[in-house]
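Since the structure comes first, as structure tokens, the remarks are kept for the end.
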Amino acid sequence: FSSARKWSGASFPHRGTWVLGAGEFVLGADYAAILPRCREAAERGERVLVLAVSEEPFSPGDGLPPGLRAAGLLFLSDKIRPGAQETLAYFTSQGVELKVISGDDPVTVSSVARRVGLPGAERWVDAATLKSEEDIRAAAGRYAVFGRVTPAQKLSLVKALKEAGHTVAMTGDGVNDVMALRESDCSVAMAAGSDAARNVSQIVLMDSDFSAMPHIVAEG
């Protein structure tokens, strides 16, 4: 799997090539045929993965095989931790502007963000539509939820917020968060995350629970 291309896959002798990932990246224009069903699930806060199959091998350079067709849909639901809503409310009361940056479908992310009371959760953008650094700088101040974000775009968003005069704190747990964590003014990693994220961060949450953050702020 690559967070930049949004899919993973494997080829099997006499069984074809199978690809699992974000529908719009896997199926391209053919995704429109199943988009209504996927969007309905996303609006419920579910993550949608498409399983597609082709009789052809992968294209050169790890490209998608030609002739992919949808074989199935997977619907995943994230469990919201107890205390998440109270934690977000605390930071809002302290004048902290909260943003959610995710590689998932922005509609899904926005739905989950609304459930935990993120201010401005309805203001979302698909980062795949942000084609330049100027686009990212404009979006950084306009939106609260960013979906389909690549690792490079996470870094650009942190830089854009800092250039706008903000002090930026970021939490993350994956290798794809490392560049942005290093760029942020205050980097916070989850202990359950990758070694790379923990090694570059100033703070590691040993129980991987964001609700500890108000206590950290109280310590200065």
Matching residues in region 73-96 - criterion: being within 18 Å of the chain's Cα centre (by Cα) and either closer than 30 Å to Gly16 by Cβ or open to solvent by 70 Å² or more (accessible area, probe 1.4 Å) (or both): Leu74, Phe75, Leu76, Ser77, Asp78, Lys79, Arg81
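Determine whether His215 is under 19 Å from Tyr90 (Cα atoms), modelled with pLDDT of 95 or more and open to solvent by 50 Å² or more (accessible area, probe 1.4 Å).
On the way: under 19 Å from Tyr90 (Cα atoms): yes; modelled with pLDDT of 95 or more: no; open to solvent by 50 Å² or more (accessible area, probe 1.4 Å): yes.
So His215 does not fit the description; no.
Among the residues of region 50-67, what is the count of those that are touching a helix residue (DSSP H, G or I) at 6+ places or on another chain (Cβ under 8 Å) and under 11 Å from Gly23 (Cα atoms)? Can you show your working first?
Residues of region 50-67 touching a helix residue (DSSP H, G or I) at 6+ places or on another chain (Cβ under 8 Å): 50, 52, 64.
Keeping just the survivors that are under 11 Å from Gly23 (Cα atoms) gives 50, 52.
So the count comes out to 2.
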Yes or no: region 160-167 includes at least one residue that is farther than 19 Å from Ala4 by Cβ, touching an Asp or Glu at 6+ places or on another chain (Cβ under 7 Å) and not in a helix (DSSP H, G or I). yes
Considering region 56-72 alone, what residues qualify as being outside any strand (DSSP E or B) and either exposed (fewer than 12 other Cβ atoms within 10 Å of the Cβ) or of a type in the set (Val, Ile, Thr) (or both)? Pro57, Pro60, Gly61, Asp62
Take region 61-104 and flag every residue that is closer than 21 Å to Gly147 by Cβ and acidic (Asp, Glu). Asp78, Glu97, Asp104
Where the second residue is polar (S, T, N, Q) and open to solvent by less than 20 Å² (accessible area, probe 1.4 Å) and the first is at negative phi and lies in region 161-180, which pairs have Cβ atoms under 7 Å and are six or more apart or on separate chains? Val168/Ser184; Ala169/Ser184; Met170/Ser184; Met170/Ser187
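The values are calculated or read from the model by the stated rules, or taken from the named source; none is laboratory data. Just so it is clear, the model here is predicted, and its values are computed rather than measured. Counting neighbours? That spans all protein chains shown, and the Cβs are built from the backbone with ideal geometry, glycine included. SASA here: full protein model, heavy atoms, side chains in, ligands and nucleic acids out. Shrake-Rupley method; radii C 1.70, N 1.55, O 1.52, S 1.80 Å.
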